[in-house]
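Just below is one structure, and these are the notes that go with it.
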Amino acid sequence: MMMKMLLLLLTSLSPLAESRTLSLASCSVNVHIHELRQYYNDIRLDVIESDTDIGVKLLDKSLMTNIQDGQTCCFVRLVLRFYIERVFSNYASSQPQHQRCSSALANAFFSIRRDIRECHCNCEEDTQRKIDSVIAEFNKLDMNQAAKKAVGELDTVLEWLQGLSQNTLS
């Protein structure tokens with residue numbers, strides 16, 4: 001356990017840590033997808049096993065692939081805001097390691113969102129409606145269960161972000 005945390009720390013401090021550049025309409029933002037995946041993988045199994053609402057899906061891949069041209073920046077920003085304000089703030093685990101990983105994910109999402117603010121994304125009504133539908137489904141569930149479900153679906157978000165990006169070294 002200690003060795004894994006040390007390896008994770010060294011990876012994040014490495015000057016050659018892989019990052020990906022999200023090319024958004026008005027700017028680009030660096031994202032350390034590999035680091036996000038490591039944090040997510042540490043909590044994934046526990047979150048998926050505790051999901052009791054198997055028939056409910058918050059973030060479907062089709063939702064992310066059917067974004068109008070010029071709205072990717074806005075949708076990324078809205079998804080990050082959803083995770084920061086609703087998901088991570090309500091996610092609770094009895095395991096301290098999982099809490100640390102979710103905090104690291106929340107902090108990383110916050111940093112990405114801060115960088116995206118520089119992009120001056122303009123949101124159209126259809127894009128806002130898409131995220132509103134996710135929030136509506138989220139709000140139908142018990143808050144703790146909804147947060148676990150959304151954390152369990154982070155794989156879809158990370159896959160989508162990875163699809164939007166290009167490899168770079170930073």
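Read the figures in this text as sums done on the coordinates, not as results from a lab. All values derive from a computational prediction rather than experimental measurement. Every residue, glycine as well, gets a Cβ built from its backbone with ideal geometry; the counts of neighbours run over all protein chains shown.
Hey, rough spin-label estimate for Ala136 and Ala92, points 7 angstrom out along Cα→Cβ, what's it come to in nanometres?
Going by the 7 Å Cα→Cβ label model, 2.9 nm.
Between Val79, Val134, Val56, find the one with the highest GNM mean-square fluctuation for the chain; connect C-alpha pairs within less than 10 Å.
Val56
Starting from the 7 Å offset along Cα-to-Cβ, what nm value, one decimal, do you get for the label separation of Asn41 and Glu85?
Going by the 7 Å Cα→Cβ label model, 3.3 nm.
Rounded to the nearest 0.05, what FRET efficiency is calculated for Ser26 and Lys61 with R0 set to 22 Å and r the Cβ-Cβ distance? Don't skip to the end; give the middle numbers.
Values: r = 25 Å, r/R0 = 1.14.
E(calc), rounded to 0.05, equals 0.30.
How big is D, in µm² s⁻¹, for region 32-164 by Stokes-Einstein at 25 °C and 0.890 mPa s if Rh is the Kirkwood radius over C-alpha pairs?
Estimated via Stokes-Einstein, D reaches 163 µm²/s.
Enumerate the aspartates and glutamates that Lys61 could reach by cross-link, defined here as Cα to Cα under 14 Å, with residues fewer than 8 away along the same chain left out.
Straight-line reach from Lys61, under 14 Å: Glu153, Asp155, Glu159.
Using Cβ-Cβ distances only, list the Cys residues of the chain with no partner cysteine under 4.7 Å, sorted by number.
When partners are defined as cysteine Cβ atoms under 4.7 Å apart, the chain leaves Cys101 without one.
Using a Cα-Cα cut-off of under 13 Å, which aspartates and glutamates could be cross-linked to Lys140, ignoring same-chain neighbours fewer than 8 residues away?
Asp53, Asp132
In debye, nearest 20: dipole of region 21-120 around its Cα centre with unit charges on the Cβ of K, R (+) and D, E (-)? Don't skip to the end; give the middle numbers.
Values: 11 positive and 11 negative charges, 52 e Å.
Approximately 240 debye in magnitude.
Can you give me the distance in nm between label points at Gln162 and Asn122, each placed 7 Å from the Cα along the Cα-to-Cβ direction?
Each label point is offset 7 Å from its Cα along the Cβ direction, giving 3.4 nm.
For His32, which sequence-distant residues (separation of 5 or more, or a different chain) have an amide H within less than 5 Å of its own amide H, given hydrogens modelled in the peptide plane?
Arg20
Work through the residues other than Gly152 whose Cβ is under 12 Å from its Cβ and net out their charges, Lys, Arg +1 and Asp, Glu -1.
Its environment carries a net charge of -2.
Among Thr156, Thr72, Ala92, whose Cα projects farthest towards the positive end of the dipole of the chain, with charges put on the beta-carbon of Lys, Arg (+1) and Asp, Glu (-1)?
Positive-most Cα among the choices belongs to Ala92.
Sum -39500 (n - 2.57) across every DSSP H segment of at least 4 residues in the chain, then divide by the residue count to get the 222 nm mean residue ellipticity, nearest 500.
Counting only the DSSP helices, I get -19500 deg cm²/dmol.
Sum up the charges of everything whose Cβ sits under 12 Å from the Cβ of Glu137, counting Lys and Arg as +1 and Asp and Glu as -1, but leave Glu137 out.
Computed value for this residue: +1.
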